[in-house]
1. What spacing in nm lies between the two simple spin-label points modelled at R113 and D192, each 7 Å away from Cα in the Cβ direction?
2. Which net charge results when you count Lys and Arg as +1 and Asp and Glu as -1 among the other residues whose beta-carbon is under 13 Å from that of A150?
3. Hey, rough spin-label estimate for R126 and F238, points 7 angstrom out along Cα→Cβ, what's it come to in nanometres?
4. For region 289-374, report the convex hull volume of the alpha-carbon atoms normalised per residue, in Å³, without decimals.
5. Given that compact globular proteins tend to follow 2.2 N^0.38 Å, what is the ratio of the alpha-carbon Rg of the chain to that value?
6. So, with a 1.4 angstrom probe, what is the percent of accessible area on the chain that is carbon and sulfur?
7. At 222 nm, what value in deg cm²/dmol follows for the chain if DSSP H runs of at least 4 each add -39500 (n - 2.57) and the sum is divided by all its residues, to the nearest 500?
8. Round to the nearest 10 and give me the degree value, 0 to 90, for the angle of helix 64-75's Cα axis relative to the longest principal axis of the chain.
Amino acid sequence: MSSTRVVKTDVAIVGGGIVGASAALALRRKGVAVVLLERDLCGSRSSGVNYGGVRRQGRPLSQLPLAQRAHQIWARLPELIGTDGEYLRSGHFKIARSEPDMASLEHYAAISRDFDLGIELISGQRLRAQCPWLGGRAVGGSLCADDGQANPRLVSPAFALAARRAGAQIFERSPLTAVEHDGQQFTLQAGDALQVQAPVLLNCAGAWAGGLAAQFGEPVPLRSGHPAMAVTEPLPFFMHWSLGVEGGGIYCRQVARGNLVLGGGSGVGLDADRARSERSAIAALGVQAVELLPALQHAHFIRTWSGTEGYLPDRQPVLCQSRTTPGLIHGFGFAGAGFQIGPAVGEVLAELACDGRSSTPTDAFSLARFDAAPVSEPASAPTSPRQTPAATAQAH
């Protein structure tokens, strides 16, 4: 009969995506002892299967302080995590397909001016001269030249590796099976083999975070969604920018070897651990891709995939301290757009854990916005995080 290993630490983290892993690294850089539990492999869920867009433009204004903080972190990836993760400030171009779309982009450029994103509006003859590869439906667009792209399959696991090198204890393939709080300390159970005890718990469990929040009397309307993703065969290089579309839809980028990574529409969840892109979503994605980028007319998709992401109705994350349980801090619900801000969210979580406050404003991400439903008392018996119905994916 095997005995349970008991590990005591300063901060426990549930979830090893880019948010949880970057929080672990930030805490270790502050000298704080950390244990991270990940149900699969670090960076293997939404943090590792996403599109790879590293963009600030188009975000709600409330997210721009986080995005600007993250922008500085991305600039020093090699020194921070030991790899550049194929990060390029290639530019992010949001396409307008109508005059109302263009008006929306002009409005966003105006209201975000205080954040110094460097947005440049392009239309008319200049659009055709600068973007000969764009299809005829595009009437203009908005360029943020310092936004860009990276490889999530490299970046997200690299944050976890860097945290481990810095001294974090990381347990992969260790799903949380029970958690309790006695008023001072959390006790987390990962099966029969591991028990973790800590006064502070960071809920970074992504699409599975809702169950953990609900257990402590803070239910949230979190839903899971499954983005439809595909990549083409290598093509002659023609496009430096990462692309999005005003109003949602297709997003696309071309990597150095010539492949185009595309996303848009929704896949389907097969079970709690698996998702895939449906044929109808990939067919629709192909039609949109050729419409905007005629060079893809005869290109072959060589792989399709999906994943599971957590969405809230207002497409804003939860990033705050618990109002029912001392020491519990939430960081989840990034609605398919957490890759760029993830490293900054990790630093904010570390500040909340150590200081009780952050230098970056987070009021917009409080649980208080869901107060239409009364806050209940913490549950007496632990429950497992559960997957909830799909939501429509957000364009990157």
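The values are calculated or read from the model by the stated rules, or taken from the named source; none is laboratory data. Since this is a predicted model, take the numbers as computed values, not measurements. Note: ideal-geometry Cβ built from the backbone for every residue, glycine included; neighbour counts use all protein chains shown. The accessibility values were calculated without ligands, DNA or RNA, using every heavy atom of the protein model including side chains. Shrake-Rupley method; radii C 1.70, N 1.55, O 1.52, S 1.80 Å.
1. According to this spin-label approximation, the distance is 6.7 nm.
2. With Lys, Arg at +1 and Asp, Glu at -1, the neighbours total +1.
3. Distance between the two pseudo-spin positions: 2.4 nm.
4. Normalising the Cα hull of region 289-374 by residue number yields 155 Å³.
5. In units of the globular-protein estimate, the chain measures up at 0.98.
6. Its accessible area is 51 percent carbon and sulfur atoms.
7. Mean residue ellipticity at 222 nm (helix-derived): -8000 deg cm²/dmol.
8. The helix 64-75 is inclined about 90 degrees to the chain.
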